[in-house]
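Novice: Input: one structure, supplied below.
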Amino acid sequence: MGGATRVDSYPARLRKSAHRVRNGLRRSGVDYFRGDGSDWIALAALLLTVPAIAFGTIVTPVWIAPSMLVLPIVAGGLLLRPASLLGLYAAAATALIVESVVLGPYTQGPARVTPGTVLTVAACGFFGLVIAQFRARVGVPWRRGGTMLFDLRERIRVQSALPALPKGWHREMALRPAGGQSFSGDFVVAARTNGGRTLEVVLTDVSGKGMDAGSRALLLSGAFGGLLGSLPPHDFLPAANGYLLRQDWDEGFATSIHLVLDLETGEYELLSAGHLPALQLHAGSGRWEEKSGEGPLLGVYDGAEFDPGKGVLAPGDVLMLFTDGLVEAPGRDISEGVDRLTGEADRYVSAGFEGAAWHLIEAVAKDVNDDRALLLLCRN
């Protein structure tokens, strides 16, 4: 019986050992990808590459030129820490010396180590060292940097998602950063409050555009998302204004419009902080009407007051909120841009505005070098 126990336990111990090894390798791989692990694996691989290139240069210098040593140097600038990078540079310098000795002076024929080759390798090494030092100072290795930017972009996208609405309501939203970038200074935060009866939506346009405003937009969207629903509607913009003032940014102002909509009655309030008016389409008349409150820009001065504008969305009505990137253009009045926007929006009345937000941006502001955001709320 005891022998059978030992026989049965050996495969189990073997499986446990294999499981520990697998988990250890997985953790090491994750740490290396995030930049937390050692770079010795990359250093060893690149150090082996240097003599391989040198050998190939000595054997066939016409096909493997001495300047090919820039390849491990460039890779090292992306993969290694500054201290490890210096070791790689020493190996590359040694390889150049060996190549020049074996191949002979550059004046005796082609495919030799010339002064230009040395300058090229040295220049690549210098820029690689600068990049490595910058990464070390920031603390975000390149392997983690791209993942972090992707994560930030996804957080902005998730925070801008609109909640599901009850039957009888339809919403459309589209965000388009300037220059085709992934980060925008326009963002939306939304929540259903009051037991789900009230929809609160805040559309904000941060000063600047694209990547320049993206970091501030990410910070503000997180802060505004935490304030929304935690404060009475009339206290939101004053709290947001105070938050911006405390940041003390050189370019710290923003415009914002806050919609508070009763999903049962269709009654709403609009509180504006220097933002463009919203537009309401009245189903009965087929005409667009500007709707807005009054208030100064966010982040300009303390103690600002924001007076609401009120309205009602009847069945068939549409409310459109947007940022200035859709209607502003050099040499054109904003009213002309608004007329063009409403004219294009009229095309979607019969279709119920299904997918209209994206198409409206394409129609009126496709190539505009500014952030653009458009939100449509329809009461069916």
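The values are calculated or read from the model by the stated rules, or taken from the named source; none is laboratory data. As the structure is a computational prediction, the values presented were derived from the model and not from experiment. Neighbour counts are summed over all protein chains in view; Cβ atoms, including those assigned to glycine, are modelled from backbone coordinates with ideal geometry. Ligands, DNA and RNA are stripped out before the accessible areas are found, and what is left, the full protein with its side chains, is counted by its heavy atoms. Shrake-Rupley method; radii C 1.70, N 1.55, O 1.52, S 1.80 Å.
Novice: Working only within the stretch 67-86, note down all residues that are surrounded by fewer than 16 Cβ atoms within 10 Å (Cβ to Cβ) and more than 30 Å from the chain's Cα centre (by Cα).
Specialist: We begin by selecting, within the stretch 67-86, every residue surrounded by fewer than 16 Cβ atoms within 10 Å (Cβ to Cβ); these are 71, 74, 78, 83, 86.
Within the stretch 67-86, L71, A83, L86 qualify.
Novice: Now a separate question. Please go through the stretch 280-333 and pick out each residue that is closer than 17 Å to L376 by Cα, assigned to a strand (DSSP E or B) and acidic (D, E). Spell out the reasoning first.
Specialist: Here is the first cut: in the stretch 280-333, the residues closer than 17 Å to L376 by Cα are 280-283, 286-292, 311-327.
Next, only the ones that are assigned to a strand (DSSP E or B) stay: 280-282, 287-291, 311-312, 318-322.
E289, E290, listed by residue number.
Novice: Which of the residues that make up the stretch 11-28 are open to solvent by less than 40 Å² (accessible area, probe 1.4 Å) and either at pLDDT 70 or above or under 30 Å from L71 (Cβ atoms) (or both)?
Specialist: Correct list: A12 only.
Novice: Which one is least open to solvent (accessible area, probe 1.4 Å) among residues in the stretch 101-115 that are without any contact (Cβ under 8 Å) to a residue 24 or more places away in the chain and assigned to a helix (DSSP H, G or I)?
Specialist: Per the criteria, the residue is P115.
So that you can scan it fast, the table gives a plain yes or no per residue for (1) surrounded by fewer than 22 Cβ atoms within 10 Å (Cβ to Cβ); (2) among the polar types (S, T, N, Q); (3) modelled with pLDDT under 90:
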position: L219; (1), (2), (3): yes, no, yes
position: G222; (1), (2), (3): yes, no, yes
position: L228; (1), (2), (3): yes, no, no
position: L231; (1), (2), (3): yes, no, no
position: D235; (1), (2), (3): yes, no, no
position: G242; (1), (2), (3): yes, no, no
position: D250; (1), (2), (3): yes, no, yes
position: F253; (1), (2), (3): yes, no, yes
position: S256; (1), (2), (3): no, yes, no
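Novice: Considering only residues that are assigned to a loop (DSSP other than H, G, I, E, B) and either open to solvent by 30 Å² or more (accessible area, probe 1.4 Å) or in contact with a helix residue (DSSP H, G or I) (Cβ under 7 Å, 6 or more places away or on another chain) (or both), which ones fall in the stretch 353-380?
Specialist: If we filter the stretch 353-380 for residues that are assigned to a loop (DSSP other than H, G, I, E, B), which is where we start, we get 353-355, 366-371, 380.
Selection gives E354, K366, D367, V368, N369, D370, D371, N380.
Novice: What number of residues within the stretch 159-199 satisfy the criterion of being small (G, A, S), assigned to a strand (DSSP E or B) and farther than 18 Å from H275 by Cβ? Steps first, answer last, please.
Specialist: Our first condition is that a residue be small (G, A, S); within the stretch 159-199, this holds for 160-161, 164, 168, 174, 178-180, 182, 184-185, 190-191, 195-196.
If we keep only those that are assigned to a strand (DSSP E or B) too, we end up with 174, 190-191.
Keeping just the survivors that are farther than 18 Å from H275 by Cβ gives 191.
Counting residues in the stretch 159-199 that are small (G, A, S), assigned to a strand (DSSP E or B) and farther than 18 Å from H275 by Cβ gives 1.
Novice: State which residue pairs qualify: first residue touching a residue at least 60 places away in the same chain (Cβ under 8 Å) and inside the stretch 328-351, second residue open to solvent by 70 Å² or more (accessible area, probe 1.4 Å) and of a type in the set (S, T, Y) in any location, beta carbons under 7 Å apart, and separation of 6 or more residues or different chains.
Specialist: none
Novice: Keeping to the stretch 352-380, report how many residues are in contact (Cβ under 8 Å) with a residue 24 or more places away in the chain and charged (D, E, K, R).
Specialist: Restricting attention to the stretch 352-380, the residues satisfying the condition of being in contact (Cβ under 8 Å) with a residue 24 or more places away in the chain are 352-358, 360-361, 364-365, 368-380.
In the following step, the residues that additionally are charged (D, E, K, R) were identified as 354, 370-372, 379.
Qualifying residue count, the stretch 352-380: 5.
Novice: To continue, here is another question. Would you confirm whether or not the stretch 157-165 contains a residue that is surrounded by 13 or more Cβ atoms within 10 Å (Cβ to Cβ), within 30 Å of R379 (Cβ to Cβ), modelled with pLDDT under 80 and touching a Ser or Thr at 6+ places or on another chain (Cβ under 6 Å)?
Specialist: Yes, the conditions are met somewhere in the stretch 157-165.
Novice: Only residues that are at pLDDT 70 or above and not small (G, A, S): list them for the stretch 29-56, please. Break it down stepwise before answering.
Specialist: Taking the stretch 29-56 first, the residues at pLDDT 70 or above are 39-56.
Correct list: D39, W40, I41, L43, L46, L47, L48, T49, V50, P51, I53, F55.
Novice: Taking the stretch 44-66 as the region of interest, how many residues are open to solvent by 50 Å² or more (accessible area, probe 1.4 Å), assigned to a helix (DSSP H, G or I) and over 16 Å from V121 (Cα atoms)?
Specialist: Summing the residues that are open to solvent by 50 Å² or more (accessible area, probe 1.4 Å), assigned to a helix (DSSP H, G or I) and over 16 Å from V121 (Cα atoms) in the stretch 44-66 gives 6.
Novice: On to the next question. Would it be correct to say that V70 is more than 14 Å from I41 (Cα to Cα) and either out of contact with any Cys (no Cβ under 6 Å at 6 or more places or on another chain) or at pLDDT below 90 (or both)? Explain how you work it out, then say what you get.
Specialist: On the way: more than 14 Å from I41 (Cα to Cα): yes; either out of contact with any Cys (no Cβ under 6 Å at 6 or more places or on another chain) or at pLDDT below 90 (or both): no.
Answer is no for this residue.
Novice: Taking the stretch 280-309 as the search range and keeping residues that are acidic (D, E) and farther than 19 Å from A254 by Cα, which one is surrounded by the most Cβ atoms within 10 Å (Cβ to Cβ)? If you could, list the steps in order and put the result at the bottom.
Specialist: Of the stretch 280-309, the ones acidic (D, E) are 289-290, 294, 302, 305, 307.
So of that shortlist, the ones also farther than 19 Å from A254 by Cα come out as 289-290.
Values: E289: 13, E290: 11.
Here the answer is E289.
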